[in-house]
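The values are calculated or read from the model by the stated rules, or taken from the named source; none is laboratory data. Because the structure is a prediction, the values reported are computed rather than measured. Cβ placement follows ideal geometry from the backbone for every residue including glycine, while neighbour counts extend to all protein chains displayed. The area values use the complete protein model at the heavy-atom level, side chains included, leaving out ligands, DNA and RNA. Shrake-Rupley method; radii C 1.70, N 1.55, O 1.52, S 1.80 Å.
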Amino acid sequence: MEIRPARPEDYDAVVAFTSDTWSDRGGSDYIPDIYHDWIDPGERTQVTLLVDIGDETPSGEVVAIAQIVMLSEYEAWAQGMRVASDHRKQGYATKLNDALFDWARERGAKRVRNMIHSWNIPSLSTARAAGFEPGIEFRWATPEPNAESESDLRVSADADAAWAFWTDSDTRHELKGLALDPVESWAVSELTRERLHEVADDGRLLVVGDDHVSGMTYRNRTYSREIDGETVTWAEYAVAAWDSQPACQALMDAVRKDAAAVGADRTRVLVPEGIDWVSDVAYTYSGLAEEPTFVMDAELS
């Protein structure tokens, strides 16, 4: 067995064991679509590793794949762990994870995280076996874009006020200071004061409150996908924090208007999993994902 970096010529072998990953849930795996992007260094320090078992199998040499990305000087993100169905439960995922951890540790990472859907029991089991511990859980809120939506509270873009609110909020405690990463999609990293100033300067910060700040969120990015032949655009909000149900209402209304202003058809807003937060969002007549999502955490120090 050899663990090595992925190469362009490995594409067909990887597609062969990832094409039906989500077939039982009516979806398709994203790995074949982004494979060549993954093996291009791009903006960040990253590596995509494969498990190559050589001549042990006549069906192909490559039986597992995973990627790791440095999100900051001390945070790494692991993603895309896949093992060929006829080679599972043979320790390949654990060995591949060990290699990812070693790579991240050599580059100064103190934490490695990954994201797993709560229904994905095999991946949860694999992550725990590989050394990941429970981290945070969140749910997507999906208020519908509406250009006519008006918040009952004043909406501003004061980054320092947002930071002061965030640092003392129950949401920050529940999410361990994490929000969606500004560059790597489907990843979370530590929310910093500098990041809030950046999004405020770009006109993407939403702070609600009259006499005092009652809630905050910010638009992380917009992206489009083809669905049934039509282009659908999402506005994504990295995290939402509030201190009361009326503040949640004001925040969701601000999101609706902001999303419509950038031409979004849909939204997704990261909120903590928990009856208080989820029921607050439900009371605003906003949509919610049916299930939470888990983030797992491994300490490397």
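Before moving on, here are some points about what is shown:
- One Cα centroid belongs to segment 258-288, the other to segment 210-229; the line between them spans 9 Å.
- Once both labels are positioned 7 Å from their Cα atoms along Cα-to-Cβ, the gap between A164 and Y223 label points is 3.5 nm.
- Dipole-positive endmost among P272, P145, A66 within the chain (Cβ charges, Cα centre): A66
- In this rough spin-label picture, where each label sits 7 Å from Cα along the Cβ direction, the D276-E133 distance is 2.4 nm.
- Contact order normalised by residue count of the chain, Cα under 8 Å, 6+ apart, percent: 20
- A crude spin-label estimate for the pair I121 and D201, with each label 7 Å from Cα along the Cβ direction, gives 4.9 nm.
- For segment 126-224, the Cβ-based charge dipole about the Cα centre amounts to some 420 debye (Lys, Arg positive; Asp, Glu negative; other atoms uncharged).
- For the chain, the antiparallel share of DSSP beta bridges with both residues in that region comes to about 90%.
- Rounded to the nearest whole angstrom, the semi-axes of the ellipsoid equivalent to the chain, taken from the Cα gyration tensor as √(5λ), stand at 37, 20, 17, largest first.
- In straight-distance terms, cross-link reach from K110 covers every one of the lysines whose alpha-carbon lies under 20 Å from its own, apart from those fewer than eight places away in the same chain; here that gives K95, K176.
- Efficiency of FRET between Y285 and V232 - r from beta-carbon atoms, R0 30 angstrom, step 0.05: 0.90
- This model, with +1 at the C-beta of Lys and Arg and -1 at the C-beta of Asp and Glu, gives the chain a dipole about its Cα centre of some 460 debye.
- Relative contact order computed over segment 35-180 (Cα-Cα under 8 Å; 6+ residues apart), in percent: 15
- Normalised by 2.2 N^0.38 Å, with N the number of residues, the alpha-carbon radius of gyration of segment 188-296 equals 1.09.
- Computed E for V262/K89 - FRET, C-beta separation, R0 51 angstrom, nearest 0.05: 0.65
- Share of carbon and sulfur in the accessible heavy-atom surface of the chain [1.4 Å probe, %]: 45
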